[in-house]
Amino acid sequence: MAVHSILPPLPTGAVDEVLRAAGVRHVAHGDDDPVGAATEAASDPAAIAVIGPFRSADVAEAVEGTARRAKTLAGMRALGFDEHGDPLDPVVRFERYEA
């Protein structure tokens, strides 16, 4: 079982901490190539979810690129981090997008 993430460095660290504490393998891709990362995650038979991408346009492309696979994308909204991954607010909201 693995959860992939497509996020800037700061949220990646937070996700990694939570998943590792829960005993879940975390595959961090960073946010340089969100579509490629989503495609790789969709090809991973152990993947149960993808957290990210961070930017809305990247989410749309990632959902479209993985539409043939039954993966869930959990998109982090900008309530918690700005586009550079810097904290804005202690509240982070996740949204689910079914591919």
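Quick note: the coordinates plus some simple rules give every number you see, no bench work behind them. Being a predicted model, the structure only gives us computed values, none of them experimental. Quick reminder, even Gly has a Cβ in these numbers, built from the backbone with ideal geometry, and neighbours come from all protein chains shown.
What distance in nm separates the simple spin-label points at R20 and A46, each placed 7 Å from Cα in the Cβ direction?
The two pseudo-label positions are separated by 1.6 nm.
So how far apart, in nm, are the two label points at E61 and V35 if each is 7 Å from Cα heading toward Cβ?
A separation of 0.5 nm, rounded to one decimal place.
Quick query: amide H of G52 versus all other amide H atoms, modeled in the peptide plane; which residues come in under 5 Å with a sequence gap of 5 or more or a different chain?
I6, A74, G75, M76
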